[in-house]
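Colleague: First the structure, then my questions, so here it is.
Coordinate-derived values only; no laboratory data. Please read all numbers here as calculations on a predicted model, not as lab measurements. Here the Cβ positions follow ideal geometry from the backbone for every residue, glycine too, while neighbour counts run over all protein chains shown.
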Amino acid sequence: MSKRILISDLIDEASCYQLLREIKWKNGIECFECGSKDIRKNGHDKGVEHRQRYVCKSCNKSFTDITDTVIASNHVPIQKWMSCAFLKDYMSNKQMSKALDLPENVVGDMRSELSEGFLKNSILKDWDW
């Protein structure tokens, strides 16, 4: 059984990145390019204190916590993505737009992307939201 996600887990950026790491790498950090687990930490992303950078020792690719997620292609903060994922079955786009202080069309786009899969080849329903 997966960890039960509580709304308190989504309050700050650090908690959201920790939760993302648990979702993304439940079996340990892997290179998104070659699948190697021979990874080293490589500081944090500039301007995003809690987003860890990594380098694969096998193929030398650099990546972050959000590489290969729907979050990577968007400038919406991680807390809003995680909140959207948590609340998507309980609120309309209009309600969520007000709650997250985002345009309704942005919330709609986020929900669509989340329903297709938060991580490459992994669907959110695998998690106990």
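Colleague: Show which aspartates and glutamates lie in cross-link reach of K37 when reach means a straight Cα distance below 19 angstrom and same-chain residues fewer than eight apart are skipped.
Modeller: Here the aspartates and glutamates satisfying the reach criterion relative to K37 are E22, D65, D68.
Colleague: What percent does the relative contact order of the range 7-126 come to when contacts are Cα pairs within less than 8 Å and at least six residues apart?
Modeller: Normalised by residue count, the contact order of the range 7-126 is 20 percent.
Colleague: How far apart, in nm, are two points set 7 Å out from the Cα along the Cα-to-Cβ line at D12 and at D38?
Modeller: 3.7
Colleague: At R0 = 25 Å, how high is the FRET efficiency between E116 and Q95 if r is their beta carbon distance? Nearest 0.05 is fine. Mind showing how you got there, number by number?
Modeller: Working: r = 22 Å, r/R0 = 0.87.
Result of the calculation: an efficiency of 0.70.
Colleague: Filter the cross-link list K41/K88; K57/K80; K24/K57 down to pairs whose alpha-carbon distance in this structure exceeds 22 Å.
Modeller: Beyond 22 Å: K41/K88; K57/K80.
Colleague: Moving to a separate point now. Give me the aspartates and glutamates in straight-line cross-link reach of K94: C-alpha distance below 14 Å, same-chain residues under 8 apart excluded.
Modeller: Output for K94: E104, D109.
Colleague: At a 10 Å Cβ-Cβ cut-off, how would you order D89, D38, D109, fewest neighbours first?
Modeller: D89, D38, D109
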